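As C-alpha cells, the structure follows; a few thoughts come after it.
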Amino acid sequence: MSNKGSAYGQAAGDTDFRKKYDLDEYAAKAAAREAAEKEERKARWEAKMAGKKYYKPMDGTETLTTARNATQDFSKMVGTTSLVPAGAGVGKRGRGAGFYCEACDLTFKDNLQWLEHTNSMQHQRNVGATGQVKKATAEEVHARIEALWQRQQELKREQVITLQERLEVRKEEEEKEREEKRRKRKEAEEKKRLEKEAALKAKTDYGEDVRIEGEHDEDDMMAAMGFTGFGTTTKK
Amino acid sequence: MGDRKSNKPEYHRADERRFLDERGSSGPLAPNGLNPATILEKAVRERIVDSYFYKEQCFGVNEADIVDRVVEHVDHIGGVTGTVQKPTPFLCLAFKLLQLAPNDEILEEYLQFGGEKFKYLRALAVFYIRLTRQDKDVYLKLEPFLEDRRKLRRKGRNGVSLTYVDEFVDDLLVKDRVCATSLWKMRRRDVLEDLELLEPRVSPLGSLEDLLEERDEEMKDGEGGGMGGVRVGV
Ligand SMILES: [Zn+2]
C-alpha cells in the first residue's frame, strides 16, 4: 500500500480501498441478483412446463404460518394506508381502490378478495411464511384450554367489578339527584318565605292608610260579616 | 382407538387444498375406514370452504387454535342455516377437525378437561368422534355424556331451538342425520354386545335390565310403567 501523504496517514488510501471494495461488492451483488433472476426464470419456466404454480423458493428463514389472532376488523383499516381512495385499478398490481397488500404490492376490491389473497401460498411466501402450521400436542391443547378458561374467568370478574362500579355510580347519581331536589325544595321554600316577608314588610311600610288593590278584600268581607281583629288588620 | 404413537408429519397445511385433493385413496383414512375429506356431503363442503367464517377463522388453525375458535365463535350447534344454507361455525370447525385429524389424546382433552369448561367444545368433539371413530368407540366415548344436562342452542333451517348435550349425544347415537350430515350406519349396541365388543352399558341410574324389571314389577302392581323420563333407547 503506497503512502499518498495524507495528513491522516493511511486515510486516503483507505478511502480508495473502500471505493474499490464497494464497487467490487456492487458488481458481485449485481451478478448474484442476475444469477438469482435467471434461476427464478428457469424455475418459473419449469413450474409452468410441469403445470404447477411457481412460488418464491424458501431460504430457511421462513416462519410457520399461524392462525389469525382475532377477527380482522376492516372498519379499523379505514383511513390507514391499507385502504386507498378510489380511482386506480382493482385486484391489480400496485396501489388502487380497495384493500392493498404491502408484501405483494397488490390491491383487492373488497375484504373477501383480500382475505382469500392472504390465504394464498403466493402471499404466505411473500410475507416469509411456509404455509405450514405446527401441529399441537395434547399438552398444548390442555394448556390452551386452561389459558382460555382463566381469561374467561378474568373477564367475568371484571364484568362483576364493572357491574358493581356501575351500581355504585348509579347510587351516587341518585344521591346527587336527591340532594339536588332537596336543595331546590329548600330554595323554593326560602323564596316563598322571603316573598312573604317582603310582602309583610311592604304592608307595614305602607301603613294603615295605604291599600293595595285586592289585598284586603278578604278583611273587608270579614268586616262586612261582622268579624274583626284577624291577621294583619289587628290595628284597625 | 389407538393412534397415539403414530408417525404423522409434524405439520398441517394452513389451507384445505391438499386435503380436498386427496379425496381418492391417497389420503389417510379415519379410524372407521372413511375418507375424512368426503365425510361431509359435497354441497356442504363447498359451502364451508366458500364461507367467510371458514376462510377467516379456519386458515392456519391447529388443534389448540380450535379451542380458541370454539370459545370465541360457537354459541350454537347446527348444520346450515337460512335460505342460503350458510354453514354454522360449528360445522366449519368440524370440517377443519376432519382435516387436522386430532389424535385420541387431544380428543380426550376436548371431551373432558375442555368439555367440562366449554360445553360447545364437548359438542364439537362428540360430533367429530361420531363421524370418524369405529362404532364401539363411538358408544364408549359418547355414552358418558348422556348425563350432561347442559343446554345447547341449535340453529337449523327452521330457526333456533333449545337442546341439551345429552340429547345431542343421543341424536348422534340413534339418528342417521345430524347437523346437515348423514351419519354412517353403526352397528346397534346390542349387536356389538353379542359380538362381545362392548360390555352392557351401566347407566348411573342403573342398568337397562334393572329398569325394565322395575317397570315389569310396577306393571304387575298395576301402577303403570312410568320410566320417569329415563332414556334407554341406545
Ligand atoms: Zn399479499
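Applying the condition of being assigned to a loop (DSSP other than H, G, I, E, B) and within 11 Å of the ligand (Cβ to nearest atom) to segment A:93-146 and asking which residue is surrounded by the most Cβ atoms within 10 Å (Cβ to Cβ) yields A:N119. Annotation note: Cβ proximity below 8 Å between a residue of segment A:92-121 that is under 24 Å from B:V61 (Cα atoms) and in contact (Cβ under 8 Å) with a residue 12 or more places away in the chain and a residue that is in a loop (DSSP other than H, G, I, E, B) and near the ligand (Cβ under 9 Å from one of its atoms) (sequence gap 6+ or interchain) occurs for A:A103/A:V127; A:H117/A:C104.
Conditions (1) modelled with pLDDT under 75; (2) of a type in the set (D, E), marked per residue:
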residue	(1), (2)
A:N3	yes, no
A:K20	yes, no
A:A31	no, no
A:E39	no, yes
A:E62	no, yes
A:L106	no, no
A:L112	no, no
A:S120	no, no
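All told, B:V80 falls short of being under 18 Å from A:A67 (Cβ atoms) and of a type outside the set (K, R). On inspection, B:L97 qualifies as part of a helix (DSSP H, G or I), among the aliphatic types (A, V, I, L, M) and modelled with pLDDT of 95 or more. Checked against (1) surrounded by 15 or more Cβ atoms within 10 Å (Cβ to Cβ); (2) modelled with pLDDT under 85, B:R4 passes all but a single condition, namely (1). Within segment B:97-109, being within 16 Å of B:C58 (Cβ to Cβ) and touching a residue at least 40 places away in the same chain (Cβ under 8 Å) holds for B:L98, B:Q99, B:L100, B:A101.
The values are calculated or read from the model by the stated rules, or taken from the named source; none is laboratory data. Worth saying up front: this structure is predicted, and the values here are computed from it rather than measured. Glycine gets a Cβ as well: all are built from the backbone with ideal geometry, and neighbour counts include every protein chain shown.
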